[in-house]
Amino acid sequence: AMMTFYDDTTGLWDPGAPWWQSGLALEAVLGFMAKTGNRDYMWQANHTIQTQRGPLAWWPEGGGEFRAESTDDTGWWALAVIAMYELTGDAELLEVARKDEEYMYSYWTDGSCGGGIVWHIPTRSYHNAISNELYMVLTATLHNLVPGDTTYLERSLREWEWFKKSGMINADNLVN
């Protein structure tokens, strides 16, 4: 049913929806293919990645490869690219995810909020749970995929240490 929203021209699910949602939709389709062995949507997955990895019209300074003006958008797409890498073994995709991690990490700040990844890149402001959670998952996943890695592990642990002290997790262990 989700594929009825797919646009073969743009490579997006519901082109009127926010861009990041197509990254999440792609990850869901890739998860379906990984679990079932069904490869019926491989053309769409490849097309989406190839079409959407170029520089974004609204954020050309990101240079493409899913680097957007908000770090959570980059995080959603990076996780989808990793899912495609895990499905295909295409090393180029792992490199794209690594570039996305590097891009997100460049917006780590020790100043405001005492650390963490900022959400809105143009203003370098606002730390939110989603950007930081996505970054933690991205670095932990990269650590598991890159043999002999220590950098992604250190960054993931640094993120967790900051996140658990950030005040975003309440007394009931729910993330605000």
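The values are calculated or read from the model by the stated rules, or taken from the named source; none is laboratory data. The shown structure was predicted, so the numbers you read here are calculated from the model rather than taken from an experiment. Positions of Cβ are backbone-derived with ideal geometry, glycine not excepted, and every protein chain shown enters the neighbour counts. Accessible surface areas use protein heavy atoms only, side chains included; no ligands, DNA or RNA. Shrake-Rupley method; radii C 1.70, N 1.55, O 1.52, S 1.80 Å.
See the values below:
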item: Sulfur and carbon atoms: percent of accessible area, region 1-46 [1.4 Å]; result: 57
item: Cβ-based net charge around V29, under 15 Å, with every Lys or Arg adding one and every Asp or Glu removing one; result: -4
item: Fully extended contour minus Cα-Cα distance, from A171 to T51, at 0.36 nm per residue; result: 38.9 nm
item: For region 4-79, alpha-carbon Rg over 2.2 N^0.38 Å; result: 1.07
item: Local electrostatic count, W19, Cβ distance below 13 Å [Lys/Arg +1, Asp/Glu -1]; result: -3
item: Distance (nanometres) between label positions extended 7 Å along Cα→Cβ at K164 and K35; result: 3.0
item: Longest site-free stretch - the chain; sites: chymotrypsin sites (Phe, Trp or Tyr not before Pro), DSSP loop, at most 16 other Cβ within 10 Å; result: 59-125
item: Extension gain from R124 to F5, taking 0.36 nm per residue of separation minus the Cα-Cα distance; result: 39.5 nm
item: Alpha carbon convex hull of the chain, projected area averaged over orientations, nm²; result: 11.0
item: Kirkwood Rh in Å, taken over region 118-157 so that all alpha-carbon pairs contribute; result: 10.9
item: Accessible area expressed per residue, region 59-110, with surrounding protein chains retained (probe 1.4 Å, Å²); result: 36
item: Percent RCO, i.e. relative contact order, over the chain, from Cα pairs under 8 Å lying at least 6 residues apart; result: 14
item: Förster radius 25 Å - calculated FRET efficiency between S106 and W58, Cβ distance, rounded to 0.05; result: 0.85
